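Q: One structure, as structure tokens, below. Some questions next.
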Amino acid sequence: MPTPQLLTDPAAWQARCLAARDAGRRLALVPTMGYLHAGHASLLREARRRADQGGRPGLSLCSIFVNPTQFGPGEDLSRYPRDLQGDLATCAAAGVDLVLAPADPAQVFAPDHQAWVTVERASQGLCGASRPGHFRGVATVVAKLLNLTRPHAALFGEKDWQQLAVIRAMVRDLAFGVEIVGMPIVREADGLALSSRNAYLSAEERGRALALSRALFEARDAAAGGARAAAPLAATARARLEAVGARVDYVEVVEPLTLAPVTVAAPGSVMLLAALVGRTRLIDNLVLP
């Protein structure tokens, strides 16, 4: 596959995207922070398919930007893994046409930037409770990317279920006119959910990190067997994490759209969890049967 064209200037990106849209081409965007893995690749392949749905070749797009506004004090902004050349190879294999990778965060957030997007209910609790300001940074950068790009579809992974809920609420309430597509979690053969932050894990920590997916699979099986009370399901999952020394941030069973906690797990309820394994904060989730 040909290497996608790389742009570092958001203004040049905007001009290309708007010209393509005005010419009648469909645009599909995958916003990322880079260090792409097979989960990202699944989104990029679907973006290629959706871009070409209009009867003529569309424009498959990927943004790569480690967004400083979604990292809190003491988080891993400075050491977040980066590999632009590897990312471009992944994009090429997935048929991406154009990549935006700003060379300087100031190209995206000027020093006097003062406009922020806050999604109130969906960003509360869960990761929003332990990472104040995180979803304000996420919503603002996604809003900016959508305005720059004007895609017909934008694709996000379901691994960060709360982030997806925040973006969907923002797009609905502010009438962005873009289809938000959630894509299933991609896992390693042993169940570990793919994440760029998995690169931080030592071999020993990676083994302990399997407790996240195993806790979810056990909850799924228990729910399939008739266990519906949310509190015992969550308590069992928490115990599984604590047994391997993970520091649990939260384990909750929620309604899938509003993220409101539930007392009885109905079909489609989602178990969400977050825990630190060593210094690495990991998240995962599973829809209960």
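The values are calculated or read from the model by the stated rules, or taken from the named source; none is laboratory data. The structure presented is a predicted model; accordingly, all values stated were derived computationally and were not measured. FYI the Cβ positions are ideal-geometry reconstructions off the backbone, even for glycines, and counts take in every protein chain you see. All accessible areas refer to the heavy atoms of the entire protein, side chains included, with ligands and DNA or RNA removed. Shrake-Rupley method; radii C 1.70, N 1.55, O 1.52, S 1.80 Å.
Q: Consider VAL253 against the criteria (1) part of a loop (DSSP other than H, G, I, E, B); (2) in contact with a Pro (Cβ under 9 Å, 6 or more places away or on another chain); (3) at pLDDT 95 or above: it satisfies all of them except one. Which criterion is unmet?
A: Result: VAL253 fails condition (1) only.
Q: Look through TYR80, TYR35 and report the one residue that is more than 22 Å from ALA110 (Cα to Cα), under 20 Å from the mean Cα position of the chain (by Cα), of a type in the set (Phe, Trp, Tyr) and modelled with pLDDT of 95 or more.
A: TYR35
Q: Something else: Pairs only if they're at least six apart or on different chains, beta carbon under 6 angstrom, first in the stretch 201-220 and part of a helix (DSSP H, G or I) and among the basic types (Lys, Arg), second open to solvent by 40 Å² or more (accessible area, probe 1.4 Å) and modelled with pLDDT of 95 or more; list them, first residue then second.
A: Pairs found: ARG208/VAL244.
Q: Moving on. Among the candidates GLU252, GLU204, GLU242, GLU188, which residue alone is acidic (Asp, Glu) and crowded, with 17+ Cβ neighbours inside 10 Å?
A: GLU252
Q: Contact list please: Cβ distance under 6 Å, first residue in the stretch 120-142 and in contact (Cβ under 8 Å) with a residue 60 or more places away in the chain, second residue open to solvent by 70 Å² or more (accessible area, probe 1.4 Å) and polar (S, T, N, Q), pairs at least six apart or on different chains.
A: Here the result reads ARG136/THR118, each pair linking the stretch 120-142 to a residue that is open to solvent by 70 Å² or more (accessible area, probe 1.4 Å) and polar (S, T, N, Q).
Q: Quick check on the stretch 99-146: of everything there that is charged (D, E, K, R) and assigned to a helix (DSSP H, G or I), which residue is surrounded by the fewest Cβ atoms within 10 Å (Cβ to Cβ)?
A: Checking each candidate, the answer is ARG136.
Q: For the stretch 3-61, how many residues are free of Cβ contacts under 8 Å to residues at least 24 places away in the same chain and within 20 Å of VAL181 (Cβ to Cβ)?
A: The total comes to 2.
Q: If you don't mind, another one. Residues in the stretch 259-288 that are in contact with a Leu (Cβ under 9 Å, 6 or more places away or on another chain) and in a strand (DSSP E or B): how many?
A: The qualifying residues number 14.
Q: Would you please list the contacts, defined by Cβ atoms under 6 Å and residues six or more apart or on different chains, that run from a residue in the stretch 147-163 that is surrounded by fewer than 23 Cβ atoms within 10 Å (Cβ to Cβ) to a residue that is among the polar types (S, T, N, Q)?
A: LEU148/GLN14
Q: Just to be sure before I move on: is PRO232 without any contact (Cβ under 8 Å) to a residue 60 or more places away in the chain, under 24 Å from LEU164 (Cβ atoms), open to solvent by 20 Å² or more (accessible area, probe 1.4 Å) and not polar (S, T, N, Q) in the structure I sent?
A: So PRO232 fails the test.
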